[in-house]
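Encoded as structure tokens, the structure appears first; notes follow it.
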Amino acid sequence: MVEHGACISEMAGTKPRTYRLLGTDGRSYRSPAKGLFGGNARMKIYGRLDCPSALRAIKRGPTYARHRVFFADQETAVAAGFRPCAVCMRDAYNRWKTDVAKPADRKNNPRASSNSTQTVYGPNKKR
């Protein structure tokens, strides 16, 4: 007789399905629940599973998919050092951009600084 509450996979003698997610420490672990957000470990970006940008990258070939990771929630992704996707999570990305991308970061990133020009032939010059 089967116990009440026994899972179908236990009755069939198979192992329950698990999913590989990334934790707050950046290490993967097995979970019985699917991840709600996907990301790219190389670019340190996370977003929705139906993100058009990620889906296009996956279709282009195996390189993007090779670095694909999944998260249980947004808090875990942020704690692991990932930033929100600018395409599918525009509001979260804008908050991240204003909160995290401090002026010190802009000093090291000429594209983020509005008072410098960059040329192909020389270093950045102040206007």
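The values are calculated or read from the model by the stated rules, or taken from the named source; none is laboratory data. What you see is a predicted model, and the numbers here were worked out from it, not measured in a lab. Using ideal geometry, Cβ is built from the backbone for each residue, glycine included, and neighbour counts are taken over all protein chains shown.
Is it true that Leu22 is modelled with pLDDT of 95 or more and surrounded by 11 or more Cβ atoms within 10 Å (Cβ to Cβ)? Considered against the rule, which asks whether it is modelled with pLDDT of 95 or more and surrounded by 11 or more Cβ atoms within 10 Å (Cβ to Cβ), Leu22 comes out as no. Each residue in the range 61-93 was checked for being among the aliphatic types (A, V, I, L, M) and either touching a His at 6+ places or on another chain (Cβ under 8 Å) or farther than 15 Å from Gly23 by Cα (or both), and 5 of them qualify. Applying the criterion of being under 9 Å from the mean Cα position of the chain (by Cα) and charged (D, E, K, R) to the residues of the range 35-77, the residue that is farthest from Met89 (Cα to Cα) is Arg68.
The C-beta contact set for the range 23-48 (first residue on the phi > 0 side of the Ramachandran plot, second residue among the charged types (D, E, K, R) and surrounded by 20 or more Cβ atoms within 10 Å (Cβ to Cβ), distance under 9 angstrom, 6+ apart or interchain) comprises Lys44/Arg83.
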